[in-house]
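Presented below is the structure to which this report refers.
The values are calculated or read from the model by the stated rules, or taken from the named source; none is laboratory data. Note that this is a predicted model, so its numbers are computed, not measured. Heads up, the Cβs are rebuilt from the backbone with ideal geometry, glycines too, and the neighbour counts pull from every protein chain shown.
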Amino acid sequence: MTLPPLSQKFVSHFGEMGSRWGFNRTVGQIYALLFLTPEPLNADAIGDLLGFSRSNVSIGLKELQSWRLVKMTHQSGDRREYFSTLGDVWDIFKAVAAERHRREVEPTGTVLRELLLDAPANEQEAYAQKRIESMHDLVEQVNKLFSELQGLSPETLATLMSVGLKVQKAVALKDKVLMKKNKKDLSAAV
């Protein structure tokens, strides 16, 4: 069985982008295949469709499970495990965001908190600690925002993004108008 051209392009692109998103090429391609497949697939079918060895597929599926991006099911009369992606793209987005937050932001916050507990030994360390404190404060704000966003429904997230874009455009327009006014005022003063 082979993939149709549209699916091949999508799977290939996800493989290329995988490393930029924190996955390797194989994991990206396995995920893309599962995303496009309406029925759950077992590891043998995934390997056949993508031309990957059984061991590469197993490793890739374990990685996707660690990211909580795939669901494993069993089918009646079959001992094999079957895999599918989360259904809604917003659920997928939230799962990726949660895992990246857990793997990247939380450890950074922990280290920053620990660094702020030590008393600075000299002026250079005091300066460094002040900078670390500003980074810590930003990470804490991100943590609060992240927690709020994770609790929102997909519909609310979509609305929030739409409203956010409109607010950003309004602020940009206001800045543009004020800049023109300031230039005009400067010209009149000269």
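General observations
- Restricted to the range 7-45, and to residues there that are surrounded by fewer than 20 Cβ atoms within 10 Å (Cβ to Cβ) and of a type in the set (Val, Ile, Thr), the residue that is farthest from the chain's Cα centre (by Cα) is Thr37.
- Each residue in the range 140-190 was checked for being surrounded by 10 or more Cβ atoms within 10 Å (Cβ to Cβ), touching a helix residue (DSSP H, G or I) at 6+ places or on another chain (Cβ under 9 Å), assigned to a helix (DSSP H, G or I) and of a type outside the set (S, T, N, Q), and 8 pass.
- Filter pass, Asp137 being part of a helix (DSSP H, G or I) and touching a residue at least 24 places away in the same chain (Cβ under 8 Å): no
- Per the listing Ser84, Ser53, the residue uniquely touching a strand residue (DSSP E or B) at 6+ places or on another chain (Cβ under 6 Å), small (Gly, Ala, Ser) and surrounded by fewer than 18 Cβ atoms within 10 Å (Cβ to Cβ) is Ser84.
- The helices (runs of 4 or more DSSP H) falling completely within the range 54-129 that include 1 or more residues that are farther than 24 Å from Asn24 by Cβ and modelled with pLDDT of 95 or more map to 106-117.
- Residue within the range 92-101 that is exposed (fewer than 11 other Cβ atoms within 10 Å of the Cβ), of a type outside the set (Gly, Ala, Ser) and closer than 19 Å to Gly151 by Cα present: no
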